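Undergrad: Dropping a structure here in structure tokens format, bear with me for questions.
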Amino acid sequence: MKILDVVALNTDLPEQNLYKGQVGTIVEVYEPNVFEVEFVDLEGKTYGVETLNITQLIQLHYQPLPQTI
């Protein structure tokens, strides 16, 4: 994953008021598997920014992926 990739949470983070399925954008890469993710509502207002591990995220794709053999 890299900066500006769109991701979704695959776990609940109730302490941060973020829940599985919420969509965010990677805005910084701290380590190969650690990212700062910004969560923005449909009006463009940020409602969360969290440092998350790759195990807490799933990358979203808006086009077909190349087939792997």
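Undergrad: Sorting check: for 31-40, 56-65, which peptide has the highest mean count of neighbouring beta carbons within 10 Å, and how do the rest follow?
TA: Values: 31-40: 15.4, 56-65: 10.7.
Final packing ranking: 31-40, 56-65.
Undergrad: Moving on. I need the semi-axes of the equivalent ellipsoid of region 29-69: take the C-alpha gyration tensor, multiply each eigenvalue by 5, square-root it, list largest first in whole angstrom. Walk me through the numbers on the way to the answer.
TA: Numbers: eigenvalues 114, 60, 10 Å².
Taking √(5λ) for each eigenvalue gives 24, 17, 7 Å, largest first.
Undergrad: Another one. If Rh is defined by the Kirkwood formula over all Cα pairs and Rg also comes from Cα, what ratio Rg/Rh do you get for the chain? Walk me through the numbers before you get to the answer.
TA: On the way: Rg = 12.4 Å, Rh = 12.5 Å.
Here Rg/Rh amounts to 0.99.
Undergrad: Given labels modelled 7 Å from the Cα in the Cβ direction, how far is it in nm from N10 to E50?
TA: About 1.5 nm, to one decimal.
Just so you know, all these numbers are worked out from the coordinates, no wet-lab data involved. The shown structure was predicted, so the numbers you read here are calculated from the model rather than taken from an experiment. Please note: Cβ atoms are built from the backbone with ideal geometry, for glycine as well, and neighbour counts cover all protein chains shown.
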